[in-house]
Amino acid sequence: MVKIIVNGREIEADPKKPLIKACHDSGVDVPMYCYHPGLEPVGSCRICQVEVKQGEAPGRVMVACRTQPAEGMVVDTESPKAHETRKECLEFLLKNHPLDCPICDKAGECDLQDYTYAEGQAAGRTHEERRELDKRKSLGDTIVLDQERCILCSRCVRFFEEVPKQAQLTVSDLGSRSVIATFMDRPLKGKYQGNIADLCPVGALTLKKFRFQARVWNLVKMASTCGECSRGCSTTVEVLRGADVKRVRPRENEAVNKFWMCDIGRFAFERHNRPGRMEGAALREGAKLVPHPVEEALTRLRDELMREKSAAWILSPWCTIEEGERAKALAARLGHQLCFISPEKNGEQDDLLHTGDPCPNRRGLSDLGIAGFEAAKALEAAKGAKLVVLLGERVVELLGAGEVARLDATRVAVHLVDEFALDVPCVKSVFGAANCVERVGTWANVDGVRGPISAVKAPPIGARSPAKLMDELVRLMPKLQEHAR
Amino acid sequence: MSQNERYLLTRANIEGAHQIAVAEKHGAYAALRKVLKDGVPYSAVIDEVKKSGLRGRGGAGFSTGMKWTFMPDPVKDPRPRYLAVNADESEPGTCKDRVLMERDPHGFVEGVLLSAYAIRAQAAYIYVRGEYRLAHDRVAAAIAEARAKNLVGKNILGSDFSCEVHMHRGGGAYICGEETGLMESLEGKRGHPRPKPPFPAMYGLWGQPTTVNNVETVYNVPFIMERGSAWFAGLGTANSKGNFLCGISGHVNKPGVYEFTFGITAKEILEQHAGGVWKGRGLKAWFPGGSSCALLTGKDVDVVLDHDSLRARGSSLGTAAMVMIDDHTSMARVMEIIARFYDHESCGQCSQCREGTQWLSQIFHRIAQGKGQPDDVATLEALAKGMAPGKTICALSDAAAIPTLSAVRLFKDELLECVRQKRDPLAQPMPQYAVAGGHH
Amino acid sequence: MALEANFVAEFDELAKNYPEKRAIMMLALHRLQDARGWLSPDALEDLAAYLGMEPVEVYGVASFYPMYRLRPCGKHVVSICHNISCDLRGAQDIIAAVCEATGAPLHGTSPDGKFTVTTVECAGACANAPMLDLDGTYHEDLTPEKAKRILGSVK
């Protein structure tokens, strides 16, 4: 590490990393387009120019992404010269850039908007016609390219080369005719395409699934963790006006996913917006499941649980560590069997992020000592018990709704805590469950790294997290006696 | 300044000198043979060239001997090392390296070998612009002839100096004449210049130590080794040593590639050698060293055509390619062409260059077409100042800005008049021809 | 499809001169274009396969260099320098003469498919301006009449 001075403050900097990183890490905002901490620096956009003084030589304006910190370096990111140079650079970038802000998805989180507002000029002076290019070039199912908005930072091109390590995009032609292109307009392949929409500093690369869906300043964003595989990429879940999840994006996590996530996880959020969610609780009365107040339904369940010795708790691997702890305590207290469903590998594993294990908390539940059973084995356990509690989002999906429906209603009573009700004879009670964007908890990924999930939106009326449900259940049970001495 | 010494074009002017028998009869490879026979250490070759004062002839004019010393010590840094010869000659007005390659390829190959020897390169790659097919074929044939006589390849002339020489071809991109753009292209990529540092001597071709030298530069080396640095340093001026090839083109009676000793004035070149401005006209403006330098006016012909004199006059020697413009010519038209060139050639990496070269081109085009706006000339100046100096990865942005600033400084009234009149009063009538759509 | 055996053999030999195979890219593109007249998408894809690269990478390189023709062209290609030294000595008149003699529009191909006519930036013939490049051969010190004669004698 070396000591450098940035804007009058001494900081420690890694001489092997670019100056811009040292600035960012110490809270100094230096603009960037082509630079990204997850990619090799190229120094082409020229926006990160700062004034650097080393020794006796006069200060020079240099790009911070291709400057290595050296002992005694004095950096001024806000000097008049630095501002002037960045302002000039912005004018050049805006010369051809279409004035699309009113219709551009990127508005509100656009680096071109932000830096222009901060240090650009208010009025352009070009008399020239802007480039006329394809504004809706489909790059496949996921991404649409607006060639006019592109500022040729080449992050998208370099991403495919450096991260999944298979080139899919290029800068074609050269100079002022440069455009981002695939070969022969072939669509992009693979499950890491969505990352280039995150990387794009402007609205040139956008997600088809997010196009015109929301203004970003209307989104509530909270930290979360992806549940689609055991990598548990850190995410940010973004909800529009308390209603639908509109977007999920990766959150930087050096220990897990760096800056990226796969498209399987990125677009899984649509399932969180499905209608028909189970609200509150319902009890079977004959052929029908009839809504009942949750407290009442829970009291009935408590009675059943305390009476029945031959019972099995089957957890979804989407249950949190907190839910696993509670289930373990309850099962131990009641002398019931406990397991979680261990789904089969789904073949999506790759060299980058996806583990192929399509559930988020296998590790967290296993580390608690809870057994993981494949769906078939879990069903056997269910068949062998007289009472079964199926607990957690996707539990029915993992067992197979048809399989659950086929359980002999005369021999086993199923009590369900899930996002959706399953109205089949063996299901005696249903409680609406909050899913992984509607409750707080913790998962542990394949490497044991813990990731949080957050309540980014409210669950359906009366639905609650399985953890909360189990707490309420315990409160309804007599207090545990201390053993007599 | 004496103009009596001539050596650069001597062998080139001999019929058939591209054949090894003729070339050797007229001295080709004599210097190489002597260096190897006498076991002259590579460091002595570097010293001799350094003492000679030879400066690069590709446009930048950096001390050749000093550049060679930037290569790391091969004992401490045993990575493979290369000489890359820049035969991409694409600077507007420049057509001199071509003469050497086409007419004295053996002298050129000898220069390549001696330069490779000095920097202890195992291989030399000659990157010749794709359009120069004759030059490419002549040099390739010369290499083959030389190889047959053990002058190229393993253990040259029985010494322990081994050097492969390979021909490579460009694809018509001016930016590949930039040393790092050249290396990218040689590696099989888009010719995008690399940020410096790291410099080629530490990180060149395939990341290995590399020196890039111009054709004419290396061509001088055998003469320096044979006749000595004192001889070379005795030619020329205090800051510009030796002889140089000067191209003079445009509105002159005898355009051509001539050899001069530094110290000659532009006036002498124009009047004594190029037959003066054609059609009895006056000289309005001229580029002394290709289009990437500041324009000079007719009054400036008294300048000595060397590095420091031209710098003092506000321009630069560049490739010593004089482009002469008569007093019937529109400067708006001249700059329309010059600005279009840089727009065409920008690689597009840097924001200022990619957008700026296009912007300058569009403005000059409008002015020349009578569609100039009142603020255009001021904008030209502001844009050019935003594009240079040293704000981009390479100097193409500067190369576009410099002539622009000089045109605005010297010919502002003429440009403003085009704007005012909504036409270019000096425009020549253009012949008509059909143009297919969708072109640059 | 794959590269023809003769190209594979030639490129394998050339590749020996470089520490990385990719370095033969420029030479290979020239050879393929010289043989076929232009570089089709198939040619780029075949070359990519030979080099162990993605087609998009080869396309990115080929599209950078003005000499590589990525669209079909006429049997003969005429390139006329329109940079400063040539313009000062009448390049525009040469362009007009060539278009007239060939029947091709500038940047286009003649209806009979015989000629494609294009302009290029400085070709390095400044001292002998104006010039044209016909299928890789420079013709210099032109007049419009000389240009027409040269093109008229093309079979």
> Limited to region A:39-77, what total is found for residues that are out of contact with any Gly (no Cβ under 8 Å at 6 or more places or on another chain), buried (at least 16 other Cβ atoms within 10 Å of the Cβ) and not β-branched (Val, Ile, Thr)?
Replying inline: 13
>> Tell me yes or no: at least one residue of region A:130-147 is within 8 Å of another protein chain (Cβ to nearest Cβ) and closer than 30 Å to B:Gly171 by Cβ.
In response: no
> Does any residue in region A:272-286 that is without any contact (Cβ under 8 Å) to a residue 24 or more places away in the chain and surrounded by 10 or more Cβ atoms within 10 Å (Cβ to Cβ) come within less than 9 Å, Cβ to Cβ, of a residue that is of a type in the set (Ser, Thr, Tyr) and outside any loop (DSSP other than H, G, I, E, B) six or more places away or on a different chain, and which pairs are these?
Replying inline: none
>> Test of understanding: among B:Gly289, B:Gly242, B:Gly250, B:Gly263, which residue is within 12 Å of another protein chain (Cβ to nearest Cβ) and either within 21 Å of B:Leu9 (Cβ to Cβ) or surrounded by 20 or more Cβ atoms within 10 Å (Cβ to Cβ) (or both)?
In response: B:Gly250
> Within region B:166-219, can you find the residues that are away from chain C (no Cβ under 12 Å), in contact with a Ser or Thr (Cβ under 8 Å, 6 or more places away or on another chain) and part of a helix (DSSP H, G or I)?
Replying inline: B:Thr217, B:Val218
> If we only count helices (runs of 4 or more DSSP H) wholly inside region A:77-168, which ones have 1 or more residues that are over 29 Å from A:Leu353 (Cα atoms)?
Replying inline: A:80-96, A:111-119
> What helices (runs of 4 or more DSSP H), lying completely within region A:375-466, carry at least 3 residues that are surrounded by fewer than 19 Cβ atoms within 10 Å (Cβ to Cβ)?
Replying inline: A:375-384, A:401-405
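Being part of a helix (DSSP H, G or I), of a type outside the set (Gly, Ala, Ser) and either facing chain B (nearest Cβ under 8 Å) or crowded, with 19+ Cβ neighbours inside 10 Å (or both) is the filter here, so list the residues in region C:39-82 that pass it.
The answer is C:Leu44, C:Glu45, C:Asp46, C:Leu47, C:Tyr50, C:Leu51, C:Pro55, C:Val56, C:Glu57, C:Val58, C:Tyr59, C:Val61.
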> Which one is nearest to the other protein chains (Cβ to nearest Cβ) among residues in region C:14-38 that are farther than 24 Å from C:Gly136 by Cα and in a helix (DSSP H, G or I)?
Replying inline: C:Arg22
> Of the residues that sit in region C:83-117 and are closer than 21 Å to B:Gly290 by Cα, at the interface with another protein chain (Cβ under 9 Å from one of its Cβ atoms) and aliphatic (A, V, I, L, M), which one is surrounded by the most Cβ atoms within 10 Å (Cβ to Cβ)?
Replying inline: C:Ile84
> Do any strands (runs of 3 or more DSSP E) lying entirely in region A:173-287 carry at least 1 residues that are of a type in the set (Val, Ile, Thr) and under 27 Å from B:Lys189 (Cα atoms), and which ones are they?
Replying inline: A:179-181
> What number of residues in region B:373-393 are more than 9 Å from chain A (Cβ to nearest Cβ) and buried (at least 20 other Cβ atoms within 10 Å of the Cβ)?
Replying inline: 4
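Yes/no per residue for (1) within 30 Å of B:Tyr258 (Cα to Cα); (2) in contact with a helix residue (DSSP H, G or I) (Cβ under 6 Å, 6 or more places away or on another chain); (3) modelled with pLDDT under 95:
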site	(1), (2), (3)
C:Phe64	no, no, no
C:Ile84	yes, yes, no
C:Asp87	yes, yes, no
C:Ala91	yes, no, no
C:Ala101	no, yes, no
C:Glu121	yes, yes, no
C:Leu134	yes, no, no
C:Thr137	yes, no, no
> Looking at region B:379-429, which of its residues are more than 20 Å from A:Lys95 (Cα to Cα), of a type in the set (D, E, K, R) and either at pLDDT below 95 or under 21 Å from the mean Cα position of the chain (by Cα) (or both)?
Replying inline: none
>> I'd like the full set of residues that are under 31 Å from the mean Cα position of the chain (by Cα) and either within 11 Å of chain B (Cβ to nearest Cβ) or within 30 Å of A:Gln54 (Cβ to Cβ) (or both), limited to region A:75-111.
In response: A:His97, A:Asp111
>> Can you find, within region B:269-283, the residue that is nearest to the chain's Cα centre (by Cα) among those that are within 14 Å of chain C (Cβ to nearest Cβ) and part of a loop (DSSP other than H, G, I, E, B)?
In response: B:Ala274
>> For region A:359-369, give me each residue that is surrounded by fewer than 22 Cβ atoms within 10 Å (Cβ to Cβ), under 27 Å from the mean Cα position of the chain (by Cα) and assigned to a loop (DSSP other than H, G, I, E, B).
In response: A:Leu368
> Restricting the search to region B:315-325, which residues are surrounded by fewer than 24 Cβ atoms within 10 Å (Cβ to Cβ) and touching a strand residue (DSSP E or B) at 6+ places or on another chain (Cβ under 8 Å)?
Replying inline: B:Ser315
> Which one of B:Ala401, B:Ala368, B:Ala407 is more than 8 Å from chain A (Cβ to nearest Cβ), crowded, with 20+ Cβ neighbours inside 10 Å, touching an Asp or Glu at 6+ places or on another chain (Cβ under 6 Å) and not β-branched (Val, Ile, Thr)?
Replying inline: B:Ala368
> So A:Ala297 clears everything in (1) of a type in the set (A, V, I, L, M, F, W, C); (2) out of contact with any helix residue (DSSP H, G or I) (no Cβ under 9 Å at 6 or more places or on another chain); (3) free of Cβ contacts under 8 Å to residues at least 40 places away in the same chain except one condition, right? Which one?
Replying inline: (3)
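If I ask for residues that are in a loop (DSSP other than H, G, I, E, B) and crowded, with 24+ Cβ neighbours inside 10 Å, which ones from region C:126-155 would you list?
Answer for region C:126-155, where residues must be in a loop (DSSP other than H, G, I, E, B) and crowded, with 24+ Cβ neighbours inside 10 Å: C:Ala129, C:Pro130, C:Met131, C:Leu142.
To keep it simple, each residue is scored yes or no on (1) closer than 23 Å to B:Met331 by Cα; (2) assigned to a loop (DSSP other than H, G, I, E, B); (3) touching a helix residue (DSSP H, G or I) at 6+ places or on another chain (Cβ under 6 Å).
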residue	(1), (2), (3)
B:Thr261	no, no, no
B:Lys267	yes, no, yes
B:Trp286	yes, no, no
B:Gly290	yes, yes, no
>> Can you tell me how many residues within region B:220-267 are among the basic types (Lys, Arg) and either in the same structural domain as B:Leu54 (by TED's automatic domain parsing) or in contact with a Lys or Arg (Cβ under 8 Å, 6 or more places away or on another chain) (or both)?
In response: 2
> If you scan region C:126-141, which residues turn out to be of a type in the set (D, E, K, R) and out of contact with any strand residue (DSSP E or B) (no Cβ under 6 Å at 6 or more places or on another chain)?
Replying inline: C:Glu140, C:Asp141
>> Report every pair of residues separated by at least 6 positions or lying on different chains whose Cβ atoms are under 7 Å apart, first residue within region A:120-143 and touching a residue at least 40 places away in the same chain (Cβ under 8 Å) and within 20 Å of A:Gly203 (Cα to Cα), second assigned to a loop (DSSP other than H, G, I, E, B) and among the aliphatic types (A, V, I, L, M).
In response: A:Leu139/A:Leu188; A:Gly140/A:Leu188; A:Thr142/A:Leu188; A:Ile143/A:Leu188
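The values are calculated or read from the model by the stated rules, or taken from the named source; none is laboratory data. Keep in mind that this is a model prediction, so the values were computed, not measured. Cβ coordinates were reconstructed from backbone atoms using ideal geometry, including for glycine residues, and neighbour counts include every protein chain displayed.
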